[in-house]
Amino acid sequence: MACSLSNRLSYNKLLLLQRSRIKLHSERSLSSGNQNIKPIEKILIANRGEIACRVIQTARKLGIRSVAVYSDADKNSLHVSLADEAYHIGPPAASQSYLCQDKIMNVAKSSGAQAIHPGYGFLSENTEFAEMCSKEGVIFIGPPATAIRDMGIKSTSKHIMSAAGVPIIEGYHGEDQSASKLKQEAAKIGYPVMIKAVRGGGGKGMRIAMTEADFDGQLESAKTEGMKSFGDDVMLIEKFVETPRHVEVQVFGDHHDNYVYLFERDCSVQRRHQKIIEEAPAPGLSEEVRKSLGEAAVKAAKAVNYVGAGTVEFIMDKNQNFYFMEMNTRLQVEHPVTEMVTGTDLVEWQIKVASGEHLPQSQEELKLTGHAFEARIYAEDPNNAFMPGAGPLHHLTTPEASQNVRIDTGVRQGDEVSVHYDPMIAKLIVWSPDRSTALRSVRNALKDYHVIGLNTNIQFLMDLSKHSQFEAGNVHTDFITQHSEELFPNRVLSSASICQAAVALVLKDRETAKLTYQNTLDPFSPFLLCASARINNQAKRRIHLKDGENDVNVMVQCNSDNSFDVTIGNQEHHVTAELTNDGSRTSIRCNIDGVISSSNIVIQKDALHIFTTDGKHELTFPIPKYMKASKGAAGADDAVAPMPGVIEKVTVQPGAEVQQGDPLVTMIAMKMEYVIRAPKAGIIEKVFYKVGDTVSKGTALVHFKEDKTNSEPDNGSD
């Protein structure tokens with residue numbers, strides 16, 4: 001369901017209604033003497049992936065032609081195929097493609113686009129690009145450059161907010177950026193402190209120093225990431241509010257000095273300072289606090305003469321006191337939850353406001369209805385510190401989109417999550433009349449979101465949505481750390497799932513044998529007619545699988561009545577089963593000892609994937625010894641790449657002596673910096689890669705000399 005939005009009307013009816021609204025609004029504008037509306041007939045989307053698809057859909061709804069841009073890595077991407085036109089702009093690296101302002105502007109001019117929508121990330125909060133658009137006479141679908149500049153530099157924005165009467169957290173925002181001065185100010189503020197890149201956003205260029213001993217290392221890391229992400233390593237220091245909530249308000253302004261807030265979102269549950277699940281409205285807020293938040297956000301927007309969509313982010317303490325954190329001068333990733341609870345299309349609002357129209361609704365007309373969640377589906381490994389991943393989507397099926405379930409994505413089955421960009425696969429958005437029902441809907445939809453080919457956070461999101469404290473709305477930014485034991489359980493494969501997997505293999509083999517029988521030159525062959533046939537005996541099949549490092553041995557006896565007796569260890573189960581296929585999913589429905597259950601099954605050459613109500617399990621087929629011997633793998637003494645990425649810095653050389661924990665290699669992956677440290681003390685024998693090289697997950701980066709003094713003697717035994 002790529003780039004799908006759940007619309008309450010059919011597409012055709014919605015298009016007709018939209019056109020009538022545009023006509024009516026134009027007539028009103030002309031009758032009132034408003035001659036400042038600039039019609040937009042073609043939009044260039046200076047972005048990729050999910051958000052490009054999202055903008056294309058609304059443009060199509062409004063009868064506006066769309067222009068896509070793409071790098072070498074994205075030439076076959078979904079956003080390219082959906083757009084009316086698409087232009088190549090360079091190599092995969094964003095610095096040579098999506099961040100190249102001149103290339104983007106040249107495409108806008110040559111394609112005849114009147115406006116550019118920057119999406120989020122890339123050039124969306126780039127002051128220079130907004131100024132370039134103004135100079136070239138191209139509409140920038142975003143705020144004025146002055147607002148981006150004022151709110152993009154955190155120290156400046158704090159002063160402006162303070163003057164506007166918006167609550168702020170005090171900190172150091174000074175010009176003296178020496179490490180000693182920053183450390184001195186941190187001591188004055190009192191630990192723990194937050195170190196932030198002044199031009200930062202999205203969790204990048206941000207580190208927490210819990211103690212003075214942590215400060216130097218965290219400062220260096222934040223500065224390096226800030227320079228890589230934003231071209232600026234200027235830092236500010238603030239008091240870190242422990243276990244805070246992250247609550248943000250969607251605001252909108254137009255060219256006619258009208259401002260509204262579209263209520264708040266709670267984005268508290270995060271990993272690596274990045275959001276993972278969002279909801280609207282924020283749970284547990286009184287109407288008084290909700291109104292105060294909204295009014296403070298509007299004050300912030302007015303203070304910088306804001307135009308378009310913006311998000312004012314606040315830190316909220318346990319007493320629901322809130323303090324300005326930053327303003328994102330663009331559309332947010334999580335904007336769909338606001339759309340679901342207000343019945344709006346915020347991209348449509350952006351386009352209308354950019355063309356000079358008034359805001360579509362006043363504050364009095366905006367109503368908050370129901371509750372919505374957005375779960376971000378990422379290619380990452382939650383069990384390995386949420387390490388981002390990349391690779392092909394061998395199998396991808398999603399929940400069915402409906403009036404209340406929406407999937408915003410930029411990928412299809414067979415596409416690849418690239419190492420060069422953010423690892424988000426999709427956003428799953430649900431709406432229900434109340435929070436508890438919406439949460440159940442999230443769980444149900446996640447159960448039907450199936451991805452094979454790389455690690456995802458789907459299982460983690462399922463476990464998170466079932467957590468009692470999350471159900472109660474007791475959320476904060478340390479939620480994952482505080483509840484890690486419950487959120488990362490030791491999952492055990494049930495006997496029912498093993499039965500389903502084993503019987504599915506037998507039934508699938510029968511299907512294959514039947515197809516072979518139908519196509520054979522000898523249609524009367526009894527060996528093709530009956531898979532695993534035995535004369536005067538029941539057919540039995542021994543199945544050996546691996547559940548991680550654990551062996552799973554199963555004996556399946558095929559009975560004459562098409563039932564099965566399945567033996568697992570010393571337990572025997574009587575099973576009847578049926579395989580069904582609806583085109584995108586293969587399901588198995590089993591009666592196991594009188595209990596009926598269903599799961600979805602995907603069988604590949606090397607593994608069987610079973611999707612149950614509790615989540616996904618992967619059972620692999622044992623690798624023959626001759627194949628193991630031929631596989632090249634990193635040795636026990638190697639430091640390996642924990643994710644695909646590009647080598648940014650090599651800290652050691654052959655012959656260097658290091659201690660456990662010393663930095664060896666720095667990698668950049670998914671726009672984040674990762675330091676690979678020594679797994680043990682020793683001497684470096686070989687460094688396999690140089691700066692600029694691209695490596696895959698599990699690749700050996702550094703090899704240690706073997707410590708022969710600690711090696712065990714060969715006693716000749718096997």
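Odds and ends about this structure:
- Qualifying residue in segment 270-281 (condition: of a type in the set (Val, Ile, Thr), in a loop (DSSP other than H, G, I, E, B) and either open to solvent by less than 20 Å² (accessible area, probe 1.4 Å) or without any contact (Cβ under 8 Å) to a residue 12 or more places away in the chain (or both)): yes
- Subset of segment 138-171 (residues that are open to solvent by 30 Å² or more (accessible area, probe 1.4 Å), farther than 22 Å from residue 321 by Cα and more than 29 Å from the chain's Cα centre (by Cα)): 146, 156
- Looking across segment 126-165, the residues that are part of a loop (DSSP other than H, G, I, E, B) and closer than 25 Å to residue 226 by Cα come down to 126, 142, 143, 144, 153.
- Taking the listed residues 547, 551, 593, the one that is closer than 12 Å to residue 501 by Cα and in contact with a His (Cβ under 9 Å, 6 or more places away or on another chain) is 547, with no other qualifying.
- Among residues of segment 181-199 being over 23 Å from residue 229 (Cβ atoms) and touching a Lys or Arg at 6+ places or on another chain (Cβ under 7 Å), the one that is least open to solvent (accessible area, probe 1.4 Å) is 190.
- Across segment 207-239, the qualifying residues are those that are more than 27 Å from the chain's Cα centre (by Cα) and in a helix (DSSP H, G or I), and the one among them that is nearest to residue 646 (Cα to Cα) is 217.
- Segment 336-359 - residue that is within 23 Å of residue 275 (Cβ to Cβ) and touching a Phe, Trp or Tyr at 6+ places or on another chain (Cβ under 9 Å) and, of those, surrounded by the most Cβ atoms within 10 Å (Cβ to Cβ): 337
- Of the residues making up segment 645-661, those that are within 31 Å of the chain's Cα centre (by Cα) and not in a strand (DSSP E or B) are 651, 661.
- In segment 166-181, residue modelled with the lowest pLDDT [restricted to those that are part of a loop (DSSP other than H, G, I, E, B) and of a type in the set (Gly, Ala, Ser)]: 174
- Of all residues making up segment 541-589, the number that are in a loop (DSSP other than H, G, I, E, B) and open to solvent by 80 Å² or more (accessible area, probe 1.4 Å): 6
Conditions (1) under 17 Å from the mean Cα position of the chain (by Cα); (2) within 23 Å of residue 614 (Cβ to Cβ), marked per residue:
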residue: 380; (1), (2): yes, yes
residue: 383; (1), (2): yes, yes
residue: 401; (1), (2): no, no
residue: 406; (1), (2): yes, no
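- Scanning segment 101-147 for residues that are under 20 Å from residue 58 (Cβ atoms) and aromatic (Phe, Trp, Tyr) yields 120, 122, 140.
- Residue selected from segment 598-633 under the condition open to solvent by less than 40 Å² (accessible area, probe 1.4 Å) and among the small types (Gly, Ala, Ser), by the criterion modelled with the highest pLDDT: 599
- Residue 327 meets the conditions (1) open to solvent by 20 Å² or more (accessible area, probe 1.4 Å); (2) outside any helix (DSSP H, G or I) in every case but one. The failed one is (1).
- Checking each residue of segment 241-253 against the condition of being under 26 Å from the mean Cα position of the chain (by Cα), within 24 Å of residue 333 (Cβ to Cβ) and surrounded by fewer than 20 Cβ atoms within 10 Å (Cβ to Cβ) gives at least one match.
- Candidates in segment 360-384 are the residues that are open to solvent by less than 20 Å² (accessible area, probe 1.4 Å) and in a loop (DSSP other than H, G, I, E, B); of these, the one that is farthest from residue 41 (Cα to Cα) is 379.
- Residue within segment 107-122 that is touching a helix residue (DSSP H, G or I) at 6+ places or on another chain (Cβ under 6 Å), modelled with pLDDT of 95 or more, open to solvent by 40 Å² or more (accessible area, probe 1.4 Å) and not assigned by the TED database to the domain that holds residue 203 present: no
- Screening the candidates 319, 305 for the property of being open to solvent by 20 Å² or more (accessible area, probe 1.4 Å), assigned to a loop (DSSP other than H, G, I, E, B) and within 21 Å of residue 159 (Cβ to Cβ) yields one hit, 305.
- Of all residues in segment 418-464, those satisfying the criterion of being open to solvent by 10 Å² or more (accessible area, probe 1.4 Å) and assigned to a loop (DSSP other than H, G, I, E, B) are 418, 419, 420, 422, 433, 434, 448, 453, 454, 455, 456.
- Test: residue 242 is assigned to a helix (DSSP H, G or I), of a type in the set (Asp, Glu) and in contact (Cβ under 8 Å) with a residue 40 or more places away in the chain: no
The values are calculated or read from the model by the stated rules, or taken from the named source; none is laboratory data. This is a predicted model, so every value here is computed, not measured. Note that we place each Cβ from the backbone using ideal geometry, even for glycine, and neighbour counts take in every protein chain shown. Surface accessibility is based on the protein's heavy atoms, side chains included, excluding ligands, DNA and RNA. Shrake-Rupley method; radii C 1.70, N 1.55, O 1.52, S 1.80 Å.
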